[in-house]
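What follows is a single structure, written as structure tokens, with notes after it.
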Amino acid sequence: MSESTPTVKKRHQVVVIGSGFGGLTAAQKLKHADVDVTLISRTTTHLFQPLLYQVATGILSEGEIAPTTRLILRKHENVKVLLGDVEAIDLAAGTVTSKLMTMETVIPFDSLIVAAGAQQSYFGNDHFATFAPGMKTIDDALELRGRILGAFEAAEVTTDPAERDRRLTFVVIGAGPTGVELAGQIAELANLTLAGAFRTIKPSDCRVILMDAAPAVLPPMGAKLGTKAQQRLESMGVEVQLNAMVTNVDYQGISIKEKDGTERRIECACKVWSAGVQASPLGKLIAEQTDGTVTDRAGRVVVEPDLTVKGYPYVFVVGDLMAVPGVPGMAQGAIQGAKYATTAIKRSLSGQDDPATRTPFKYFDKGSMATVSRFDAVAKVGKIEMAGFLAWLAWLFLHLVYLVGYKNRFSTVITWVFTFTSSSRGQMAITSQMIYARLAMERLQTAQREALAANEAAARQKQPDSA
Ligand SMILES: Cc1cc2nc3c(=O)[nH]c(=O)nc-3n(C[C@H](O)[C@H](O)[C@H](O)COP(=O)(O)OP(=O)(O)OC[C@H]3O[C@@H](n4cnc5c(N)ncnc54)[C@H](O)[C@@H]3O)c2cc1C
């Protein structure tokens, strides 16, 4: 190379896994940094999970809570968005491998931010998922909408009274914020929106049951707010069953074991699981490559005080995938974690970052809230506890602030005004695909896997003996 040949400086490569609260914030915060960012996600959208229950119960459309990541980041010229499922991360080589259909992409990184979140956990009973979907994705919410509204339709058609009762029994398992919000919305749907729309059944005759193995509703929000939420739900006709452990879920209904050991059954067509979470398997994949970083029982990575893993000061794990004492699995944990990681990366570019002396990540608790019904919510911000209309206004305001995109905010406000001032809901369409597609795809994938295994076995048999 001649002395005058200019050397091209390779830009610092940042790979971000996930397009949820953590991943999107990370990509946005690196907008003006001298880096190339590749954001890989298995979904094309940034999903606002806190409003999934409104998609499931016909209030909002999926587009309103899940704008396209690529379009949000259109003006972030240093960010490339890739659709793909991350299947491998090689910390020593500094590469991430993702797959889209049969196409494999290997992306090198100097810094890595892993924000792959968590999935529903059935505590080792994964077969429950067939009959009791969780609520983590748009697919889940649309499937639930199909199941909830489909149950009323089937109840109208059947002539068997026992089957009608079964169709009109809805059980939500897990009395955390998601369970409370969903149970409240199913009751409101039955009592208000569907009133007078059927000829054989009276939708308000349905049973909505909110069930939990724990002794309280909304345990993290404290006894006072939990009791308030429970009383409000009961006034809407929701049956709250606590200390009740679900031992089996099948097509016909669920089996329950009480605290005193007695067992009972509830025959119910529509079951929803909102009882637990399990971190993305990518957490374990990363921890296994380090000298001492471990995962906790929920699969979350027990990160260092600077959200990195041992021996890799530029591999950050943020959001629901990180285990940091005192940081709940909430949007703020992911947003603040992503901001912390990107600040460290940006400081490193100007030589100001020394991993050994980084100030540890500090979480600022902005509170938590849950809506119980229209105009009614519970909220906890520090020591302040609120319930009722004021808490609902706070919920309304905060959700609008954190929804991404002006157009989405605008259309959501219009939809909410329409929904909250009338008994109508604008997203009541259901299709067969919503209800049956997941199971059909599972069957297809199983058949494909079996065919592939059979082909491989046949090929092995044909190979001449090399011995
Ligand atoms: C129903 C529901 C209601 C909630 N309500 C609230 C609330 O009211 N307030 C609150 O603060 N929090 C709430 N939360 C929690 C909040 O949504 C999460 O804490 C937050 O989304 C975590 O952000 P994250 O970026 O870590 O993960 P997520 O937002 O879950 O994003 C994970 C991303 O990783 C991608 N991904 C996962 N695995 C892979 C892979 N192998 N390859 C490629 N991409 C992958 C996913 O597609 C997704 O884009 C709620 C959650 C749910 C499910």
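The residues on offer are Leu39, Leu47, Leu51, Leu60, and the sole one that is in a loop (DSSP other than H, G, I, E, B), of a type outside the set (D, E, K, R), within 14 Å of the ligand (Cβ to nearest atom) and touching a helix residue (DSSP H, G or I) at 6+ places or on another chain (Cβ under 6 Å) is Leu60.
Among the conditions (1) over 30 Å from Glu153 (Cα atoms); (2) not in a helix (DSSP H, G or I), the only one that Ser423 does not satisfy is (1). Evaluated against (1) outside any loop (DSSP other than H, G, I, E, B); (2) closer than 30 Å to Asp36 by Cα; (3) of a type in the set (A, V, I, L, M, F, W, C), Ala116 falls short on exactly one condition, (1). If you go through the stretch 242-260 and keep only what is open to solvent by 10 Å² or more (accessible area, probe 1.4 Å) and either aliphatic (A, V, I, L, M) or in a strand (DSSP E or B) (or both), you end up with Leu242, Met245, Val246, Thr247, Asn248, Ser255, Lys257, Glu258.
Scan the stretch 100-110 and give yes if some residue there is out of contact with any strand residue (DSSP E or B) (no Cβ under 7 Å at 6 or more places or on another chain), assigned to a loop (DSSP other than H, G, I, E, B) and surrounded by fewer than 17 Cβ atoms within 10 Å (Cβ to Cβ), otherwise no. Walk me through how you get there before you give the answer.
Step one: of the stretch 100-110, the residues out of contact with any strand residue (DSSP E or B) (no Cβ under 7 Å at 6 or more places or on another chain) are 101-103.
Still in the running and assigned to a loop (DSSP other than H, G, I, E, B): 101-102.
If we keep only those that are surrounded by fewer than 17 Cβ atoms within 10 Å (Cβ to Cβ) too, we end up with 101-102.
Taking every residue of the stretch 100-110 in turn, at least one turns out to be out of contact with any strand residue (DSSP E or B) (no Cβ under 7 Å at 6 or more places or on another chain), assigned to a loop (DSSP other than H, G, I, E, B) and surrounded by fewer than 17 Cβ atoms within 10 Å (Cβ to Cβ).
Can you pull out the residues in the stretch 272-294 that are open to solvent by 50 Å² or more (accessible area, probe 1.4 Å) and not charged (D, E, K, R)? Correct list: Val277, Gln278, Pro281, Leu285, Gln289, Val294.
When you check Ile173 against the structure, is it open to solvent by 30 Å² or more (accessible area, probe 1.4 Å) and either within 16 Å of the ligand (Cβ to nearest atom) or modelled with pLDDT under 95 (or both), yes or no? The answer is no for Ile173. Taking the listed residues Ala93, Ala141, the one that is open to solvent by 20 Å² or more (accessible area, probe 1.4 Å) and small (Gly, Ala, Ser) is Ala93, with no other qualifying.
Residues that are of a type in the set (S, T, N, Q) and either open to solvent by 10 Å² or more (accessible area, probe 1.4 Å) or in a loop (DSSP other than H, G, I, E, B) (or both) within the stretch 63-82 comprise Thr68, Asn78, listed in sequence order.
The condition of being in contact with a Ser or Thr (Cβ under 6 Å, 6 or more places away or on another chain) and more than 16 Å from the ligand (Cβ to nearest atom) does not hold for Arg409.
Which of the residues that make up the stretch 380-420 are part of a loop (DSSP other than H, G, I, E, B) and not basic (Lys, Arg)?
Gly382, Leu403, Val404, Gly405
Any residue in the stretch 352-372 that is over 18 Å from Thr227 (Cα atoms), in contact (Cβ under 8 Å) with a residue 60 or more places away in the chain, within 15 Å of the ligand (Cβ to nearest atom) and surrounded by fewer than 16 Cβ atoms within 10 Å (Cβ to Cβ)? No, the stretch 352-372 contains no residue that is over 18 Å from Thr227 (Cα atoms), in contact (Cβ under 8 Å) with a residue 60 or more places away in the chain, within 15 Å of the ligand (Cβ to nearest atom) and surrounded by fewer than 16 Cβ atoms within 10 Å (Cβ to Cβ).
On inspection, Ala195 passes the criterion of being surrounded by fewer than 18 Cβ atoms within 10 Å (Cβ to Cβ) and part of a loop (DSSP other than H, G, I, E, B).
Answer with yes or no whether Ser424 is touching an Asp or Glu at 6+ places or on another chain (Cβ under 9 Å) and closer than 30 Å to Ala187 by Cα. When the stated conditions are applied, Ser424 does not pass them.
Selection within the stretch 327-338: residues that are in a helix (DSSP H, G or I) and small (Gly, Ala, Ser). The member of this set that is most open to solvent (accessible area, probe 1.4 Å) is Ala331.
Taking the conditions (1) in contact with a helix residue (DSSP H, G or I) (Cβ under 8 Å, 6 or more places away or on another chain); (2) under 30 Å from Ile17 (Cα atoms) in turn, Pro281 satisfies each one other than (1).
Quick check, is Ala341 more than 11 Å from the ligand (Cβ to nearest atom), open to solvent by less than 70 Å² (accessible area, probe 1.4 Å), in a helix (DSSP H, G or I) and within 21 Å of Ala287 (Cβ to Cβ)? Against the criterion (more than 11 Å from the ligand (Cβ to nearest atom), open to solvent by less than 70 Å² (accessible area, probe 1.4 Å), in a helix (DSSP H, G or I) and within 21 Å of Ala287 (Cβ to Cβ)), Ala341 qualifies. Scoring Ile72 on the criteria (1) touching a Gly at 6+ places or on another chain (Cβ under 8 Å); (2) outside the structural domain of Thr293 (by TED's automatic domain parsing); (3) within 10 Å of the ligand (Cβ to nearest atom) leaves a single failure, condition (3).
The values are calculated or read from the model by the stated rules, or taken from the named source; none is laboratory data. None of the values given here were measured: they were computed from a predicted structure. Ideal geometry is used to build each Cβ from the backbone, glycine not excepted, and the neighbour counts take in all protein chains shown. What goes into the accessible areas is simple: the full protein's heavy atoms, side chains included, and nothing from ligands, DNA or RNA. Shrake-Rupley method; radii C 1.70, N 1.55, O 1.52, S 1.80 Å.
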